[in-house]
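S.K.: Got a structure for you, written out below as structure tokens; questions coming shortly.
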Amino acid sequence: MELPFAESYRIKMVEPIFRSTREQREQWIKEAHYNLFNLKSEQVYIDLLTDSGTGAMSHNQWAAMMTGDESYAGSSSYYNLKNAIRAILGFEYFLPTHQGRAAENVLFSVLVKPGNVVPGNSHFDTTKGHIEFRNASAIDCTIDEAFDTESLHPFKGNIDLEKLESVYSTYQHDEIPMVIVTLTCNTSGGQPVSMQNLKDVSRLSKKYGIKVVFDSARFAENAWFIKERELGYKEKSIREIVAEMFSYADAMTMSSKKDGIVNIGGFIAMKEEELFQNASVFNIMYEGFNTYGGMAGRDMNALSVGLNEVTDEHYLENRVKQVEYLGNRLMEWGIPVQKPIGGHAVFVDARKFLKQVPKEEYIAQTLAIELYLEAGVRGVEVGTLLADRDPKSGENRFPKLEMLRLAIPRRTYTNNHMDVVAVALKNIFDRREKIVHGFRIEKEAPIMRHFTVELERID
Ligand SMILES: *Cc1c(COP(=O)(O)O)cnc(C)c1O
């Protein structure tokens, strides 16, 4: 018999988690105004809210924490990180930041002006937030296949080159500061971008003189999918693939809480010295001096080890296979999910799941609350709440996809936990006809409302 697949690590330290009763959860979620972000973590049994900063560090990362250099200027931890970024990602210049959105804040302070347009593939919410906050707009150029959850396109994160070129030819050169390519594309379901697409975007952008910036939170997972799915990359190592990917970028922003496998941190990296100099001014103002920029020395050390570990094939195989395991269990029962299964999360198509809940009543949020009540599993809505209102009209924006995202923290849960999640969703799926109403908003913030929104159940 062929030996089954198993994790290429064993567990050295554990953290207890608790199962609660349905009665407890009904009380807690009501007190949280039906916003899963308002729950206390001990009120959650299996936490799939996000894979951001929630992963387990390796013993080598913990060991590196102990040798962190906390000098204000010129610490060895800064140079460890600089060397890792140069060796693995190929960028000469970099600035540490406290997390990914801070990297966006600093870089966009240099590049984005009011009235600008920034094309990309389904910009991440904080990315879009930082663009719109500067009175500029994000233009989504993702391929149409990304919005059909049944389409088996292997690279649903790809940019549609015709859509991109139409932006390039419609707007003036000085109105387009950059194109942002998100690897993998979180908003469309953790879907990868192909090497060919990166190459084509780079070529087209060069022709129009537009900067290419990669939002790189899950760059290693993207490289894994290129190796698995793209012709000509099977024999290449992940490191070779990563190096080629970044050869097509002028700059990158990074949330190290994802593929840095650390709990906090981020950075900007760039090839041009001039951009580095300009961004340094804002980094010093918003984040900290250039050799720490919002990170402790120990955290920079853990990150430099994390960048090495995340580009290891064994690590990536574990990672992607666990996400796939959960996705396959759901698909076996006919539960509608974004296909193929992405790198960091399973996205349940809530509109197909809860057909009777009207779109004005926040379908994916309704499913997320049901899942919490069923088993204490916390996922997150990626739908109308997340999409915010249109800044001009003040109307709700109904996105093309209404999803419940189950994001899996790195190296944290076992497949037994995945089985609990799968069975909980199956139980809801079996009684889905009975769920006909969702929620209305009681209170919301003007931007990124999903974090703090308060909801009321519609009976
Ligand atoms: C998480 C994330 C960000 C923002 O990073 P934070 O560390 O959460 O501030 C930006 N882009 C993408 C694609 C992300 O996943």
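The values are calculated or read from the model by the stated rules, or taken from the named source; none is laboratory data. Bear in mind the structure is a predicted one, so any value in this text is a computation, not a measurement. Using ideal geometry, Cβ is built from the backbone for each residue, glycine included, and neighbour counts are taken over all protein chains shown. The area values use the complete protein model at the heavy-atom level, side chains included, leaving out ligands, DNA and RNA. Shrake-Rupley method; radii C 1.70, N 1.55, O 1.52, S 1.80 Å.
S.K.: Can you spot the aspartates and glutamates whose alpha carbon is less than 17 Å from LYS434's alpha carbon? Ignore those fewer than 8 places along the same chain.
M.R.: Here the aspartates and glutamates satisfying the reach criterion relative to LYS434 are GLU361, GLU370, GLU374, ASP459.
S.K.: Write down, largest first, the equivalent ellipsoid semi-axes of the chain in whole Å, where each equals the square root of 5 times an eigenvalue of the alpha-carbon gyration tensor.
M.R.: The equivalent ellipsoid of the chain has semi-axes of 33, 27, 22 Å.
S.K.: Using only the alpha-carbon atoms of the range 299-414 as identical scatterers, what base-10 log of I(q)/I(0) does the Debye formula give at q = 0.16, 0.20 Å⁻¹?
M.R.: -0.83, -1.06
S.K.: Loop only per DSSP, at most 10 neighbouring Cβ atoms within 10 Å: give me the chymotrypsin sites (Phe, Trp or Tyr not before Pro) in the range 265-336, ordered by residue number. Working shown, then result.
M.R.: Values: sites: PHE267, PHE276, PHE282, TYR286, PHE289, TYR292, TYR315, TYR325, TRP333; in loops: PHE289, TYR292, TRP333.
Sparse-neighbourhood loop chymotrypsin sites (Phe, Trp or Tyr not before Pro): none present.
S.K.: Another question, then. Could you tell me what percent of the DSSP beta bridges with both partners in the range 106-238 are antiparallel, to the nearest 5?
M.R.: 15 percent
S.K.: Using a 1.4 angstrom probe on the protein heavy atoms only, could you order HIS450, HIS437, HIS59 from most to least accessible area? The partial results should precede the final answer.
M.R.: Working: HIS450 15, HIS437 75, HIS59 110 Å².
Accessible-area ranking of HIS450, HIS437, HIS59, largest first: HIS59, HIS437, HIS450.
S.K.: In whole Hz, with x marking every Gly and Pro, tabulate ³J(HN,Hα) for the range 134-141 from phi via Karplus 6.51 cos²θ - 1.76 cosθ + 1.60, θ = phi - 60°.
M.R.: My calculation for the range 134-141 gives 8, 6, 10, 10, 8, 10, 7, 10 Hz in order.
S.K.: Still on this structure: With both partners inside the range 59-310, how many of the DSSP beta bridges are antiparallel, as a percent to the nearest 5?
M.R.: Details: 12 of 25 bridges.
That works out to approximately 50 percent antiparallel.
S.K.: Evaluate the relative contact order of the chain (contact order divided by residue number), counting alpha-carbon pairs under 8 angstrom at least 6 apart; express in whole percent. Let's see the in-between values first.
M.R.: On the way: 949 pairs, mean separation 103.3, N = 459.
Taking the mean separation of contacting Cα pairs over the length of the chain, I get 23 percent.
S.K.: Now a separate question. Can you list the residues, at least 5 places off or on another chain, whose amide H is less than 5 Å from the amide H of GLY266, using H built in the peptide plane?
M.R.: Close amide H contacts, sequence-distant or interchain: THR97, GLN99, SER256.
S.K.: Right, next: Of the GluC sites (Glu not before Pro) in the range 78-132, which ones lie in a loop per DSSP and count no more than 16 other C-beta atoms within 10 Å?
M.R.: Numbers: sites: GLU92, GLU104, GLU132; in loops: GLU92.
Qualifying residues, ordered by number: GLU92.
S.K.: Still on this structure, I have one more. So which aspartates and glutamates pass the test for LYS30, namely a Cα distance under 12 Å, with those fewer than 8 places away in the same chain ruled out?
M.R.: Result set, ordered by chain and number: GLU454, GLU456.
S.K.: Give me a comma-separated list of calculated 3J(HN,Hα) values for the range 401-411, in order, Karplus coefficients 6.51, -1.76, 1.60 applied at θ = phi - 60°, integers in Hz, x for any Gly or Pro.
M.R.: 10, 10, 10, 9, 9, 10, 8, 9, x, 6, 6
S.K.: I've got another one for you. Please report the net charge: other residues with Cβ closer than 13 Å to the Cβ of SER216, K and R +1, D and E -1.
M.R.: Numbers: positive: ARG218, LYS257, LYS258; negative: GLU104, ASP215, GLU221, ASP250, ASP259.
Once all neighbours under 13 Å are counted, the net charge is -2.
S.K.: Please list the helices of the chain that count as membrane-span-like by this rule: a mean Kyte-Doolittle hydropathy of at least -1.0 together with Cα atoms stretching 18 Å or more along the helix axis, each helix being a complete DSSP H run. It would help to have the intermediate numbers written out before the result.
M.R.: Values: long enough: 195-208 (20 Å, -1.14); 273-286 (20 Å, 0.16); 297-310 (20 Å, -0.03); 313-332 (27 Å, -1.10); 363-375 (19 Å, 1.02); 415-430 (22 Å, 0.29).
Within the chain the helices that satisfy the rule are 273-286, 297-310, 363-375, 415-430.
S.K.: A follow-up question, please. Tell me the mean residue ellipticity at 222 nm calculated for the chain from its helices only (DSSP H runs of n ≥ 4, each -39500 (n - 2.57), averaged over every residue, nearest 500). Walk me through the numbers on the way to the answer.
M.R.: Working: 16 runs with 178 residues, N = 459.
About -12000 deg cm²/dmol.
S.K.: Not counting ligands, DNA or RNA, and with a 1.4 Å probe, what is VAL382's accessible surface area in Å² rounded to the nearest 10?
M.R.: Per-residue accessible area (VAL382): approximately 20 Å².
S.K.: Set the Förster distance to 35 Å, then compute FRET efficiency between ASN396 and GLN24 from the Cβ-Cβ distance, nearest 0.05. Can you show the working numbers first?
M.R.: Values: r = 32 Å, r/R0 = 0.92.
The value I calculate is 0.60.
S.K.: Name the residue from LEU385, ASN396, ASN415 whose Cα lies farthest towards the positive end of the charge dipole of the chain, charges +1 on Cβ of Lys and Arg and -1 on Cβ of Asp and Glu.
M.R.: ASN415
S.K.: To the nearest 20 debye, what charge dipole does the range 59-310 have about its Cα centre, counting +1 at the Cβ of each Lys and Arg and -1 at the Cβ of each Asp and Glu?
M.R.: Working: 23 positive and 32 negative charges, 76 e Å.
Computed about the Cα centre, the dipole is about 360 debye.
S.K.: Moving to a separate point now. Rounded to the nearest 10 Å², what accessible area does HIS98 show when all protein chains are kept and the probe is 1.4 Å?
M.R.: The value for HIS98 is about 70 Å².
S.K.: Follow-up. Mind pulling up the Rg/Rh value for the range 59-310? Radius of gyration and Kirkwood radius, both on Cα. All intermediate terms of the calculation are to be shown ahead of the outcome.
M.R.: Numbers: Rg = 17.4 Å, Rh = 18.1 Å.
Answer for the range 59-310: 0.96.
S.K.: Still on this structure, I have one more. Measure up LYS199/LYS400; LYS199/LYS355; LYS82/LYS400; LYS258/LYS426 against 32 Å on the Cα-Cα distance and list the ones that go over. Walk me through the numbers before you get to the answer.
M.R.: Working: LYS199/LYS400 27 Å; LYS199/LYS355 40 Å; LYS82/LYS400 40 Å; LYS258/LYS426 28 Å.
Over 32 Å apart, Cα to Cα: LYS199/LYS355; LYS82/LYS400.
S.K.: Would you kindly derive the ³J(HN,Hα) couplings of the range 40-49 from the backbone phi angles with the Karplus curve 6.51 cos²θ - 1.76 cosθ + 1.60 (θ = phi - 60°), listing them in order in whole Hz, with x for Gly and Pro?
M.R.: 7, 4, 6, 8, 10, 8, 10, 9, 10, 4
S.K.: Summarise the accessible area of the chain (1.4 Å probe, protein heavy atoms) by the percent that is carbon and sulfur.
M.R.: Values: 10100 of 19490 Å².
Roughly 52 percent of what the probe reaches on the chain is carbon or sulfur.
S.K.: List the GluC sites (Glu not before Pro) within the range 198-303 that fall in a DSSP loop (any state other than H, G, I, E or B) and whose Cβ has at most 12 other Cβ atoms within 10 Å. Numbers along the way, then the final one.
M.R.: Working: sites: GLU221, GLU228, GLU230, GLU235, GLU240, GLU244, GLU272, GLU273, GLU274, GLU287; in loops: GLU230, GLU235, GLU272, GLU287.
Taking the range 198-303 and a limit of 12 other Cβ atoms within 10 Å, the loop GluC sites (Glu not before Pro) found are GLU235.
S.K.: Can you list residues whose amide H is under 5 Å from ASN158's amide H, if they're 5+ apart or on another chain and H is modeled 1.01 Å from N?
M.R.: ILE143, SER194
S.K.: Need one number: % antiparallel among DSSP beta bridges in the chain, to the nearest 5.
M.R.: Of the beta bridges lying entirely in the chain, close to 65 percent run antiparallel.
S.K.: By per-residue mean of other Cβ atoms within 10 Å, what is the highest-first order of 344-351, 105-112?
M.R.: Top to bottom by mean Cβ count within 10 Å: 344-351, 105-112.
S.K.: Round to a whole angstrom and tell me the spacing of the C-alpha centers of the range 308-376 and the range 107-128.
M.R.: Result: 28 Å between the Cα centres.
S.K.: I need the Kirkwood Rh of the range 131-244: take the reciprocal of the average 1/r across all distinct C-alpha pairs and report it in angstrom. Mind dumping the intermediate values first?
M.R.: On the way: mean 1/r = 0.0677 Å⁻¹.
Taking every pair of different Cα atoms in the range 131-244, averaging 1/r and inverting gives 14.8 Å.
S.K.: Run the numbers on the range 137-282 and let me know its relative contact order in percent, using alpha-carbon pairs under 8 Å that are six or more apart.
M.R.: Numbers: 214 pairs, mean separation 26.7, N = 146.
Rounded, it is 18 percent for the range 137-282.
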